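Undergrad: First the structure, which I've put down as structure tokens, then a few questions once you've had a look.
Please treat every number below as a calculation from the coordinates, not as lab data. No experiment lies behind these values; they were computed from the predicted model shown. Cβ: placed from backbone, ideal geometry, glycine included. Neighbour counts: every protein chain shown.
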Amino acid sequence: MSAYSALENVLKEILQAVKPVPEDWEKRSRVIDELRRVVESVESLRGATVEPFGSFVSNLFTRWSDLDISIDLYNGSYISSAGKKRKQNLLVDVQIALRQKGGWRRLQLIPNARVPILKFESSRQSISCDMSIDNIQGQMKSKLLFWISAVDGRFHDMVLLVKEWAKAHDINNPKVGTFNSYSLSLLVIFHFQTCVPAILPPLKDIYPGNIADGLQGERITAERHIAETCAANITRFRQDKFRPVNRSSLSELFISFLGKLHVKDFFNQMRWL
């Protein structure tokens with residue numbers, strides 16, 4: 001058996017171990033429902049909604065991934081965002097409500113981050129959560145990754161493998177200057193765009209422009225425009241009969257990914273397997 005064949009089998013075993021099972025989806029759905037009930041009890045959040053985003057929405061999460069939550073404030077039908085001070089105060093209100101409700105532990109408010117965050121864990125489901133306010137850009141980025149996954153199924157598997165590799169090498173913690181999950185996903189996108197032949201198109205061919213700039217005005221209209229634009233461009237790319245097809249295996253893609261990162265002597269440095 002060649003080294004590539006052996007690695008292919010190992011990668012498939014890792015994917016089988018880390019891919020979520022139905023129970024993992026159910027646990028996260030229960031946490032979201034519980035948080036909705038908590039938020040409904042907070043007077044300062046009257047009319048707000050609880051929206052998941054991140055790897056759960058992009059379907060790029062593993063069995064142990066955190067759950068990203070945005071509390072979207074009621075602003076009528078138009079997109080707007082609360083100021084940083086108000087976001088901090090609202091997260092304090094949620095923190096108090098979670099303590100009073102019970103069933104939540106390890107509550108930690110990080111008010112001075114670029115995006116204020118409340119971190120906590122569900123005692124019942126053992127799911128860690130990161131909560132922010134009005135994180136509409138985060139929600140759209142998550143949807144974009146989900147749509148990109150539809151282009152080629154290898155993208156989904158590569159992201160999960162790269163996340164596990166990064167975790168094994170302690171380079172998946174943005175607090176100490178390494179990568180977060182979104183950054184790792186972008187690295188995989190770059191790799192798939194620069195393979196020969198390319199697996200993914202340039203992002204500007206999926207959505208021309210900045211998604212943040214597109215999130216203006218009436219929310220439903222803005223989000224629909226982004227979704228329809230991405231869907232049409234992805235369909236056009238997939239149906240291009242003249243596009244050369246990349247048939248690389250996962251093991252070949254994984255090793256070439258590490259090659260782009262200049263990870264040397266791969267087969268002698270497999271301590272993460």
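Undergrad: Once the piece of chain linking Q16 and I110 is laid out straight, how much longer is it, given 0.36 nm per residue of separation minus the C-alpha distance between them?
TA: On the way: separation 94, 0.36 × 94 = 33.84 nm, distance 3.45 nm.
Difference between extended and current length: 30.4 nm.
Undergrad: Give a residue-ordered list of calculated ³J(HN,Hα) values for region 241-256 (Karplus: 6.51 cos²θ - 1.76 cosθ + 1.60, θ = phi - 60°; whole Hz; x for Gly, Pro).
TA: My calculation for region 241-256 gives 6, 9, 6, x, 9, 8, 10, 4, 6, 4, 5, 5, 5, 5, 5, 5 Hz in order.
Undergrad: Give me the percent relative contact order of the chain, please, defined on Cα pairs under 8 angstrom at least 6 residues apart. Mind dumping the intermediate values first?
TA: Working: 334 pairs, mean separation 52.5, N = 273.
Contact order relative to length: 19 percent.
Undergrad: Counting only DSSP beta bridges with both residues in the chain, what percent are antiparallel, rounded to the nearest 5?
TA: Numbers: 15 of 21 bridges.
Roughly 70 percent of the DSSP beta bridges within the chain come out antiparallel.
Undergrad: Between V92 and S123, what FRET efficiency follows from the Cβ-Cβ distance if R0 is 22 Å, with the result rounded to 0.05? The partial results should precede the final answer.
TA: Numbers: r = 21 Å, r/R0 = 0.94.
The formula returns an efficiency of 0.60 here.
Undergrad: Let me ask something else about it. Roughly what would the spin-label model give for F237 and Y74, points 7 Å off Cα along C-beta, in nm?
TA: 3.9
Undergrad: Taking the simple approach of a point 7 Å from Cα along Cα-to-Cβ for both K101 and I220, what is their distance in nm?
TA: Between K101 and I220, the label points sit 2.7 nm apart.
Undergrad: For the ranges 63-69, 148-154, what's the packing order if you count other beta-carbon atoms within 10 Å of each residue, average per peptide, and put the highest first? Walk me through the numbers on the way to the answer.
TA: Numbers: 63-69: 20.0, 148-154: 16.7.
Going by the mean number of other Cβ atoms within 10 Å, highest first, we get 63-69, 148-154.
Undergrad: Report the gain in length on full extension from E23 to K167: 0.36 nm times residue separation, minus Cα-Cα distance, nm rounded to one decimal. Let's see the in-between values first.
TA: Numbers: separation 144, 0.36 × 144 = 51.84 nm, distance 2.30 nm.
Length gained, E23 through K167: 49.5 nm.
Undergrad: Additional query: For a label point 7 angstrom out from the Cα of A227 toward its Cβ, which stretches of region 116-147 have the backbone nitrogen within less than 18 Å?
TA: Answer for region 116-147: 135-147.
Undergrad: Mind giving me the nanometre distance, one decimal, between the label points for Y4 and N210, set 7 Å out from Cα along Cα→Cβ?
TA: 4.2
Undergrad: Still on this model: Helix 219-238 versus the longest principal axis of the chain: what angle, 0 to 90°, nearest 10, using Cα atoms?
TA: Between helix and principal axis, roughly 10 degrees.
Undergrad: Let me ask something additional. P(r) of region 165-244 in 10 Å steps, Cα pairs, percent per bin?
TA: Bins of 10 Å from zero give 16, 33, 31, 20, 1 percent of pairs.
Undergrad: What is the helix-to-structure angle for 153-168, meaning the angle in degrees between its Cα long axis and the longest Cα principal axis of the chain, kept from 0 to 90 and rounded to the nearest 10?
TA: It works out to around 80 degrees.
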